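Trainee: Let me give you the structure first, and then I'll get to my questions.
Every read-out reported here was derived from the displayed coordinates using simple, explicitly stated rules and does not represent laboratory data. Treat the numbers as computed from the prediction; the structure is a model and nothing was measured. Every residue, glycine as well, gets a Cβ built from its backbone with ideal geometry; the counts of neighbours run over all protein chains shown.
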């Protein structure tokens, strides 16, 4: 499928989710259960999908109008130096995230939040650490 067509489809899908979420927010006076959160999730996901789709549409149109800039953008995206900088920034952000996530879990446990919320955060934290260990061993064997 053409990249521009899929971007338009994403934009329309995002607008649909956004409109549907806003409709359900206004339509239901006293929602219960899943309907309390679902409209807001639809609004958030709709905004993200619409933003991604419209960003790709704008990028494709700009690349059509300026082929030299498009060529330079492709070179910049595939440049080894830029990739190394991006990977280094991701590594630093990951290092900070592990400490912040741990401190957040500790703070929430001391505040006495519900156990299910705390367990979800702990399992997400452990998933991140286990996947880090997995890829570290995998790359260690490859290199």
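Trainee: Determine, at each q value in 0.11, 0.15, 0.16 (inverse angstroms), the log₁₀ of I(q)/I(0) that the Debye formula gives when each Cα of the chain is one equal point scatterer.
Mentor: Values, matching the q order: -0.80, -1.13, -1.13.
Trainee: Go ahead and set up a Gaussian network model of the chain, Cα springs under 10 Å, then flag whichever of 54, 116, 41 fluctuates most.
Mentor: Comparing 54, 116, 41 in a Gaussian network model of the chain, the most mobile one is 116.
Trainee: Sticking with the crude label model, points 7 Å out along Cα→Cβ, report the distance from residue 110 to residue 64 in nm, one decimal please.
Mentor: Distance between label points: 5.7 nm.
Trainee: Under the 0.36 nm per residue contour assumption, what length would be gained going from the current alpha-carbon distance of residue 76 and residue 12 to full extension? Mind showing how you got there, number by number?
Mentor: Working: separation 64, 0.36 × 64 = 23.04 nm, distance 3.02 nm.
My answer for the length gained is 20.0 nm.
Trainee: If you don't mind, there's one more thing I want to ask. Across 5 Å bins from 0, what is the distribution of all Cα-Cα pair distances for the range 68-143, in whole percents?
Mentor: Result returned by the calculation: 3, 13, 14, 16, 14, 11, 10, 8, 6, 3, 1, 0.
Trainee: Using helices alone, I'd like the mean residue ellipticity at 222 nm for the chain: each DSSP H run of four-plus residues gives -39500 (n - 2.57), total over residue count, nearest 500.
Mentor: -31000 deg cm²/dmol
Trainee: Okay, moving on. Report relative contact order for the range 1-78 in percent, whole number only (criteria: Cα-Cα under 8 Å, sequence separation at least 6).
Mentor: Once normalised by length, the contact order is 41 percent.
Trainee: Each label point is 7 Å from the Cα along the Cα-to-Cβ direction; what then is the distance between the points at residue 119 and residue 89, in nm?
Mentor: With each label placed 7 Å out from Cα toward Cβ, I get 3.9 nm.
Trainee: Specify the inter-centroid distance of the range 102-136 and the range 22-46, based on alpha-carbon positions, in whole Å.
Mentor: 28
Trainee: Same structure again: Based on the Cα gyration tensor of the range 1-78, what are the three equivalent ellipsoid semi-axes, each the root of five times an eigenvalue, rounded to whole Å and given largest first? Display every interim value, and only then the final one.
Mentor: Numbers: eigenvalues 264, 24, 13 Å².
Listed largest to smallest, the semi-axes of the range 1-78 are 36, 11, 8 Å.
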